[in-house]
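Since every read-out is calculated from the coordinates, none of them should be taken as a lab result. Nothing here was measured: the structure is a model prediction, and the numbers come from that model. Note: ideal-geometry Cβ built from the backbone for every residue, glycine included; neighbour counts use all protein chains shown.
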Amino acid sequence: MHISTVHHPYLTETHQSELREHVQPYLHKLNDIVRQSTYDEPESSLNLPTDQSLLNNVEHLVSQIQTSQLKYIFVVGIGGSNLGTKAIYDALFGYTDHLNAATPQMIFLDTTNP
């Protein structure tokens, strides 16, 4: 994966050149983070889509935990710590009624009260 700027048809080449010059140091940083494949920086989530080792570890953990006995997984959080996971879950599996969902069923416990 390589992160770079994109040409935009509504911006003049001069303006695009100025923008590229302005963001170039940050683009170098992002590309270094991807090249290093570590999770030491806030932007390191860029490595998640290509981290086969992490995926293998998660799949191994799932195989150890998931049994026919497992019916529910509760996710407890406030705001983003809960809603981000729910957004991904809903995108992958759709929003379903908890009474009709397949098991194991994820139940998201959230509060708006900090």
**Message:** I'd like to verify a number: residues in segment 46-76 that are surrounded by 11 or more Cβ atoms within 10 Å (Cβ to Cβ) and farther than 17 Å from Gln105 by Cβ, how many?
**Reply:** 8
**Request:** Check whether at least one residue in segment 16-29 is of a type in the set (S, T, N, Q), more than 25 Å from Asp110 (Cα to Cα), exposed (fewer than 12 other Cβ atoms within 10 Å of the Cβ) and without any contact (Cβ under 8 Å) to a residue 40 or more places away in the chain, and report yes or no.
**Result:** no
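Would a scan of segment 61-83 turn up a residue that is β-branched (Val, Ile, Thr) and over 24 Å from the mean Cα position of the chain (by Cα)?
Yes.
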**Asked** Just wondering, is there one or more residues in segment 6-15 that are closer than 28 Å to Ile107 by Cβ and assigned to a helix (DSSP H, G or I)?
**Response** no
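Can you report the number of residues in segment 35-94 which are assigned to a helix (DSSP H, G or I) and free of Cβ contacts under 8 Å to residues at least 12 places away in the same chain?
Residues flagged as assigned to a helix (DSSP H, G or I) and free of Cβ contacts under 8 Å to residues at least 12 places away in the same chain within segment 35-94 amount to 29.
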